[in-house]
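Where a number appears in this text, it was derived from the coordinates with a stated rule and is not lab data. Everything quoted here is computed from the prediction, not taken from an experiment. Using ideal geometry, Cβ is built from the backbone for each residue, glycine included, and neighbour counts are taken over all protein chains shown.
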Amino acid sequence: MDGIKLGFAGRSSTWNLLRKLVFPEHVALRYVSNEDDCQGLDLVIVEKYMADLVNCPRVLVLSDSSIDGMIEAVINGLGLNELNIGVDIGNSRCGAIILNNDTPLIHVTLSFVKLIRMIRRLARRTSINLIIGISPGVSELVRDFLELINDVGIRVKVINEDVAYGKKDVFRSRYPYLTLDELDGLVYAYTGLAMSIHE
């Protein structure tokens, strides 16, 4: 499903949030202002107050315009039932990259608590392969994180941060808009996926 075409109708603040979350190389966004704009879209996300005005084939009404609400709407609306999520755990900021197979769709930097909430929300309807980077400095945080989500049936792969160290530059040049935490999450995701192929 590389090359997702996503439409949106609603407030400009929510539109700007959606634009900041997706990888523009893999998710084409279009603001829907009339029925002609629906052509060729895989999904249209519509804020509640505009739901009656949008007549596109595949519409999902957004009831929660928070970051994790928006992410959940994209994933559920596209009908993605398995995700690979690369995570860089930190005290104040955690970088997360959500991939459909090996295609990055969403990048986000969240607090530790919000990351847990997002993972738990997504796990209700989606099978998740979580790939987490670990180093001595964050090993306790990673342990706490895994304990807090161990009841939701997620597959977890832990990657030593050293393995990923030399690979950042390749991804930084391809995705220059990623934060450092998100960049780390992307490197862990691809490292974990490559290890799965060779296992």
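Some points to look at:
- Taking the square roots of five times each eigenvalue of the Cα gyration tensor of segment 4-78, the equivalent ellipsoid has semi-axes of 16, 15, 11 Å, listed largest first.
- Taking a Cβ cut-off of under 12 Å around G185, the surrounding Lys, Arg, Asp and Glu residues balance to a net charge of -3, with basic ones at +1 and acidic ones at -1.
- Cα pair distances in segment 98-141, grouped into 5 Å bins until the bin that holds the longest one, percent each: 5, 16, 23, 31, 16, 9, 1
- All other residues whose Cβ lies under 12 angstrom from that of V44 are scored, Lys and Arg at +1 and Asp and Glu at -1, for a net of -1.
- Amide H contacts of L41 (H built 1.01 Å from N, under 5 Å, at least 5 apart or other chain): none
- Charge tally in the Cβ shell below 9 Å around V138, where Lys, Arg are +1 and Asp, Glu are -1, V138 excluded: -3
- 222 nm mean residue ellipticity, helices alone, for the chain (DSSP H n ≥ 4; -39,500 (n - 2.57); rounded to 500): -11000 deg cm²/dmol
- Percent breakdown of C-alpha pair distances by 10 Å bin, ordered from the shortest bin, for segment 82-196: 15, 54, 29, 2
- Share of Cα-Cα pairs in segment 26-114 lying beyond 19 Å, as whole percent: 47 percent
- Lone cysteines, the chain (no partner Cβ under 4.7 Å): C94
- Packing, as the average of other Cβ atoms within 10 Å across residues, places the peptides 155-161, 72-78 in the order 72-78, 155-161, highest first.
- Approximate spin-label separation D36-N91, in nm, with each point projected 7 Å along Cα-to-Cβ: 5.6 nm
- All aspartates and glutamates inside 19 Å of K167 as judged from Cα atoms, apart from same-chain residues fewer than 8 positions distant: D88, D102, D181, E182, D184
- 3J(HN,Hα) from dihedral phi, segment 85-94, Karplus parametrisation 6.51/-1.76/1.60, rounded to Hz, x for glycine, proline: 10, x, 10, 10, 7, x, 4, 9, 10, 10
- For the chain, size of Cβ-based charge dipole, Lys and Arg +1, Asp and Glu -1, in debye: 220 debye
- Net lengthening on full extension, L60/E82 (0.36 nm per residue, minus Cα-Cα): 6.0 nm
- In the chain, Rg over Rh equals 0.98, where Rg is the alpha-carbon radius of gyration and Rh the Kirkwood radius from pairwise Cα distances.
- Cα centroid separation, segment 126-168 to segment 48-122 (Å): 19 Å
- Backbone HN-Hα couplings from phi across segment 43-58 [Karplus 6.51/-1.76/1.60, Hz, Gly and Pro as x]: 7, 10, 9, 10, 5, 3, 5, 10, 3, 6, 9, 10, 10, 9, x, 10
- Counting DSSP beta bridges with both ends in the chain, the antiparallel % (nearest 5): 35 percent
- Across all directions, the average projected area of the convex hull around the alpha carbons of segment 41-80 is 2.7 nm².
- About the Cα centre, charge dipole magnitude for segment 4-78 (Lys/Arg +1, Asp/Glu -1 at Cβ), debye: 160 debye
- Percent breakdown of C-alpha pair distances by 10 Å bin, ordered from the shortest bin, for segment 134-199: 18, 45, 33, 4
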